[in-house]
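Single-structure report; data block below.
Every number here is computed from the coordinates shown, using simple stated rules; none is lab data. Keep in mind that what you see is a predicted model, and the values were worked out from it rather than measured. We place every Cβ from the backbone using ideal geometry, glycine too, and count neighbours over all the protein chains shown.
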Amino acid sequence: MKYANLLSNAVAESGWTYSQVIQKCKGKGVNFSKSYLSKIATGVLPPPSDEINKVLADVLSPVSSISYTDLALAKYKEIIPSDVLVVLAAQ
């Protein structure tokens, strides 16, 4: 599943708004904007840093089926060139 779909599904599953997710992330010491969250959740921007993925997973995992591993795998599947993924899969 694409990163954006995975994240947007987790937010929808949580029942929270983007603003609520942002506030919970801010409470854990990681600040980013509602606009940024919207853009990564819709695929306008590429997946975020591992730091943001970790806090998103920390915030959303208790209220959705998302985990940091899910977000990280989706991110790296999108950003690693396909020929490199083929080599990794063969090892």
Discussion item. Sequence gap of 8 or more, or different chains, plus Cα separation below 20 Å: how many lysine pairs satisfy both in the chain?
Written reply: 18
Worksheet item: In the chain, if every C-alpha pair distance is counted and binned at 10 Å from zero, what percent goes to each bin?
Response: 17, 52, 22, 8, 0
Practice prompt. Rank the residues Val86, Val59 as a footprinting-exposure proxy: fewest other Cβ atoms within 10 Å of their Cβ go first.
Written response: Val86, Val59
Discussion item. Compute a Gaussian network model of the chain, connecting alpha carbons closer than 10 Å, and tell me which residue from Pro47, Pro81, Pro62 fluctuates the most.
Written reply: Pro81
Worksheet item: How many nm is it between the label spots at Ser82 and Gln23, if each spot is 7 Å from the Cα in line with the beta carbon?
Response: 4.3
Response to the item:
Phi angles of the range 60-69, converted by Karplus (6.51 cos²θ - 1.76 cosθ + 1.60, θ = phi - 60°) into ³J(HN,Hα) in whole Hz with x for Gly and Pro, give 8, 4, x, 10, 8, 8, 7, 9, 4, 4
Practice prompt. Calculate one ³J(HN,Hα) per residue across the range 11-19 by plugging θ = phi - 60° into the Karplus curve 6.51 cos²θ - 1.76 cosθ + 1.60, and present them in order as whole Hz with x for glycine and proline.
Written response: 5, 4, 4, 5, x, 9, 7, 4, 4
Practice prompt. Specify the residue with the greatest mean-square fluctuation among Glu13, Glu51, Glu78, computed from a Gaussian network of the chain linking alpha-carbon atoms under 10 Å apart.
Written response: Glu51
Worksheet item: Of Leu45, Leu60, Leu71, which is the most mobile in a GNM of the chain whose springs link Cα atoms less than 10 angstrom apart?
Response: Leu45
